[in-house]
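Each remark here refers to the structure printed beneath this line.
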Amino acid sequence: MPSHFLFIKVSYFIFIVQLKSLLADSERTKLIRKLSDANQYNRFLKRQLQTRDDALANFKGELAVLELEIQALVGLAEEVANSGVQARSRKINGKYIQSHLLFRLEAVHRKLKEQIKDAESLKFEEVTIFWIGMAESVQVMGSFDGWSQGEEMSPEYSGYYAKFSTTLKLRPGRYEIKFVVDGEWKLSPEFPIVGEGMTENNLLIVK
């Protein structure tokens, strides 16, 4: 083979290698940029959730004060009802007004306690999720958003392995999650496993 043909082939091979390297660097840069944008958006959502959490905490405080006031009124109504029925006391729905007042206050008190319980269930908890192992990108998917978008995880490299992590704000409950590691679905040994075969997922419990 003439030397100039050999030189052309070698040059072409070097060009292809350099082009692949540039493309790989470009894809890596795009991935880092996307991860940075996702983290910024995540921080924005956390600030929004924090604002809502503060509003919820204030609402719960107001409910607690209201419950104490109604509790005091129930006590007073019991005292009035047990003090005896005065002559010519009127009735409402077949009950003397004192007993009717006590009945209504007790019903309101029960309803208020249910609302306080519902408010407790709306509280978000911060949950940190980890993936440990060598990888370029890790994403956690799960039932927490209907398996739609998931959450990109940020890496921290240490020696021969990397620790990927992200923090989610979730309500108390049970969630199924799974990790996408370099494009492949994988389970983590750090979490319990539920399901069988293709439906195997990790279980995340938020208390």
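As a rough guide to protection, the peptides 128-136, 60-68 ranked by mean Cβ packing within 10 Å, highest first, stand as 128-136, 60-68. The residues of region 144-207 expose on average 63 square angstrom of accessible surface per residue, using a 1.4 Å probe on protein heavy atoms. Looking at region 153-198, the GluC sites (Glu not before Pro) that sit in a DSSP loop and have at most 16 other Cβ atoms within 10 Å of their own Cβ are 190, 196. Evaluating 6.51 cos²θ - 1.76 cosθ + 1.60 at θ = phi - 60° for every residue in region 125-137, the Karplus couplings come out as 10, 7, 10, 9, 10, 10, 9, 10, x, 7, 6, 8, 8 Hz, glycine and proline recorded as x. Pairs 178/207; 117/169; 60/113; 123/163; 163/207: which are spaced more than 22 Å apart, C-alpha to C-alpha? Violating the 22 Å limit, Cα to Cα: 123/163; 163/207.
The values are calculated or read from the model by the stated rules, or taken from the named source; none is laboratory data. All figures in this text were calculated on a predicted structure; none of them were measured in a lab. Positions of Cβ are backbone-derived with ideal geometry, glycine not excepted, and every protein chain shown enters the neighbour counts. Heavy atoms of the whole protein, side chains included, go into the accessibility calculation; ligands, DNA and RNA do not. Shrake-Rupley method; radii C 1.70, N 1.55, O 1.52, S 1.80 Å.
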